[in-house]
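Visitor: First, the structure itself, so that you have it in front of you.
Every read-out reported here was derived from the displayed coordinates using simple, explicitly stated rules and does not represent laboratory data. Computed from a predicted structure; not experimentally measured. All Cβ positions, glycine included, derive from the backbone under ideal geometry; neighbour counts span all protein chains shown.
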Amino acid sequence: MDYGDYEGVMGLEVHAHLLTDSKIFCGCSTKFGAEPNSHTCPTCMGLPGALPVLNKKVVDFAIRVGIALHCNINRKSVFARKNYYYPDLPKGYQISQYEEPICENGHLDIFVNGDKKRMRIKRVHMEEDAGKLVHEATIETSTYSLVDYNRSSIPLLEIVSEPDMRTPEEAIQYLKTLRDILVYLEICDGNMEEGSFRCDANVSVRKKGTEEFGTRAELKNLNSFKFIERSLDYEIQRQIDVIRKGGTIVQETRLFNADEGITYSMRGKEEAHDYRYFPEPDLLPLTVDDAWIEEVRRSLPELPVEKMERFMKEYGLPRYDVEILVADKDLADYFEETTRLFAEPKTVSNWIMTELLRELKEGNASAKGSPLLPAHLAELLSLIKDGTISAKIAKDIFPELYKSGASPKQLVAEKGIVQISDEDAIIRIIDQVIARSPKEVAEFKAGKEKLLGFFVGQVMKETKGKANPKLLNELMLKRLKN
């Protein structure tokens with residue numbers, strides 16, 4: 001996107017729900033979708049006398065992210081109270097980390113239009129989530145806003161970038177790359193619709209070539225890549241228009257109206273001192289030693305960038321294929337399992353990226369939940385390779401194979417669609433087609449060789465697509481030339 005002699009300056013604050021079974025400071029379940037206020041206790045409800053106890057798995061996950069993002073893992077970190085009032089915050093404060101977070105000074109490399117760019121990570125810290133307000137609930141004749149505290153004290157990691165992004169495209173690529181890493185680490189499901197991966201954006205503008213930052217506005221609660229890109233583009237353009245008209249940018253928090261495609265003011269932006277941070281008195285400083293860090297490091301899985309490099313080297317796949325396959329961990333696993341059973345990586349990749357992805361998209365499903373197992377895709381490709389069926393037949397039956405989860409061999413046998421590879425049988429049909437097409441035969445022999453497709457098509461029509469295409473083309477060419 002071109003903003004003339006101006007450029008955007010963006011830093012993102014990502015909040016990721018962690019895949020722990022219990023909350024960060026109590027034993028309540030983190031399962032999504034339960035009855036309102038059914039996963040609560042005195043601790044996450046902030047009742048007097050209830051004390052928090054830190055969930056060790058949250059610390060493990062924070063260290064995992066810190067290592068993956070090349071951060072410094074602080075051996076000592078401190079929890080703090082972030083004080084503010086809001087109806088969905090039962091204690092009147094949020095337990096977070098402020099001056100001494102667990103991870104600092106990392107980076108994340110992204111690729112935009114083939115160019116590599118490094119985004120600095122300022123900090124990664126642990127905190128608890130607030131509850132959830134449910135608006136426009138009607139009780140008898142009155143309208144209320146209700147509060148569901150199931151989400152209160154769900155463990156979060158907040159990942160804060162430096163203001164290194166200049167375009168919405170860079171911001172989206174940063175978010176997608178970060179989400180892929182969190183999913184690969186198996187610490188967050190990355191579900192933006194359920195709010196388990198969401199982001200706030202700090203946006204300002206400045207003249208190109210200048211170093212000084214402009215006054216920033218914060219965009220809150222962005223939860224889809226499409227809306228994030230639209231909101232960033234609108235906000236950058238809005239600020240440029242204000243400056244060009246001689247106005248002043250106000251530091252504030254803004255929300256995005258997806259229906260109108262605009263941002264609008266929500267409230268004045270707070271500074272850190274407005275939250276009256278102070279160390280959490282009910283939690284001791286957290287100490288992490290080298291042994292703990294190394295234990296977590298040894299448990300790390302292969303990350304997306306490493307997997308991309310391995311797929312290109314080990315399987316000889318082009319970058320385009322690899323970027324699609326590796327962007328989804330389940331899809332990458334599906335590819336590897338299929339390739340293990342049918343050792344032609346490019347063929348497997350082609351079928352996954354066309355036939356399988358089409359069905360997954362239509363059914364809004366993941367590769368992990370695909371009814372068509374990797375073993376069945378490998379079996380289907382083997383049937384094509386050994387000449388049992390043609391690629392066309394395979395594509396025709398693919399939707400049925402996907403929906404039913406049936407064995408390709410069994411389905412082919414039941415439908416009687418085995419490819420005809422008997423030379424004598426194919427020649428008989430070829431001769432019939434040639435006999436009733438004297439005009440086309442004469443034109444072919446006169447040099448109009450494009451008519452080969454006509455003859456092949458006629459035979460395919462007679463055999464209902466069952467003739468072996470390779471064999472048919474060879475036999476047809478010989479017959480016509482003789």
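Visitor: Which ³J(HN,Hα) values in Hz, rounded to whole numbers, follow from the phi angles of the range 82-94 under the Karplus curve 6.51 cos²θ - 1.76 cosθ + 1.60, where θ = phi - 60° and Gly and Pro get x?
Guide: So the Karplus estimates, Gly and Pro as x, are 9, 8, 6, 9, 7, x, 8, 10, x, 7, x, 7, 10 Hz.
Visitor: For the range 340-461, divide the Cα radius of gyration by the Kirkwood radius and give the resulting Rg/Rh value with two decimals.
Guide: My calculation of the ratio gives 1.11.
Visitor: How much length would be gained if the chain were fully extended between K392 and E169, taking 0.36 nm per residue of separation minus their Cα-Cα distance, in nm to one decimal?
Guide: Once the chain is fully extended between K392 and E169, it gains 76.4 nm.
Visitor: Right, another one. Treat the count of other C-beta atoms within 10 Å as a stand-in for reagent exposure and order F311, F227, F335, F398 from fewest to most.
Guide: Ranked by crowding around the Cβ, least crowded first: F227, F398, F311, F335.
Visitor: Give me the lysines in straight-line cross-link reach of K368: C-alpha distance below 16 Å, same-chain residues under 8 apart excluded.
Guide: K329, K403
Visitor: Assuming R0 = 30 Å, what is the FRET efficiency of L300 and D88, from their Cβ-Cβ distance, to the nearest 0.05?
Guide: Efficiency, from the Cβ-Cβ distance: 0.30.
Visitor: Report, to one decimal in Å, the Kirkwood hydrodynamic radius for the range 423-481 based on all distinct Cα pairs. Display every interim value, and only then the final one.
Guide: On the way: mean 1/r = 0.0892 Å⁻¹.
Over the range 423-481, the inverse of the mean reciprocal pair distance is 11.2 Å.
Visitor: Over the Cα atoms of the range 6-295, what is the Rg over Rh ratio if Rh follows Kirkwood? Please list the in-between numbers first.
Guide: Working: Rg = 19.5 Å, Rh = 20.1 Å.
Result for the range 6-295 is an Rg/Rh of 0.97.
Visitor: How compact is the range 96-239 by the rule of thumb for globular proteins, expressed as Cα Rg over 2.2 N^0.38 Å?
Guide: 1.21
Visitor: Additional query: For Cα pairs less than 8 Å apart in space and 6+ apart in sequence, what is the mean separation divided by the residue count of the chain, i.e. the relative contact order in percent? Kindly include the intermediate steps, with their values, before the conclusion.
Guide: Numbers: 829 pairs, mean separation 64.9, N = 482.
In percent, rounded to a whole number, it is 13.
Visitor: A further question follows. Report, by chain and number, residues whose modeled amide H sits under 5 Å from the one on M266, excluding near sequence neighbours (fewer than 5 apart, same chain).
Guide: Excluding prolines and chain starts, which carry no amide H, the hits are T253, R254, L255.
Visitor: Report the GluC sites (Glu not before Pro) located in the range 356-410 that are in a DSSP loop and have at most 13 other Cβ atoms inside 10 Å of their Cβ, or state none.
Guide: none
Visitor: Sort H70, H17 so the one with the fewest other Cβ atoms within 10 Å of its own Cβ comes first.
Guide: Ordered by Cβ neighbours within 10 Å, fewest first: H70, H17.
Visitor: For K117, what charge total do you get from the other residues with a beta carbon under 15 Å from its beta carbon, if Lys and Arg give +1 and Asp and Glu give -1?
Guide: -2
Visitor: Hey, which of these cross-link pairs are over 27 Å Cα-Cα: K307/K392; K220/K307; K346/K481; K392/K478?
Guide: Long pairs (Cα-Cα over 27 Å): K307/K392; K220/K307; K346/K481.
Visitor: Let me ask you something else. Can you figure out the FRET efficiency of E309 with T143, using R₀ = 56 Å and their beta-carbon distance, to the nearest 0.05?
Guide: 0.50
Visitor: Using Cα centres only, tell me the gap between the range 47-65 and the range 318-346 in whole Å.
Guide: Each part reduced to its Cα centre gives a spacing of 37 Å.
Visitor: If you don't mind, another one. Give me the dipole magnitude in Debye, nearest 20, for the chain about the Cα centre, with unit charges on the beta carbon: positive for Lys and Arg, negative for Asp and Glu.
Guide: 1580
Visitor: Ranked by Cβ crowding within 10 angstrom, fewest neighbours first, how are Y149, Y264 ordered?
Guide: Y264, Y149
Visitor: OK, next. Just to confirm a number: summing +1 for Lys and Arg and -1 for Asp and Glu over residues other than G465 whose beta-carbon lies under 13 angstrom from that of G465, what do you get?
Guide: Taking every other residue near G465 into account, the sum is +4.
Visitor: How much length is gained on full extension from Q410 to L133, taking 0.36 nm per residue of separation minus their Cα-Cα distance?
Guide: 94.4 nm is the gain from fully extending Q410 to L133.
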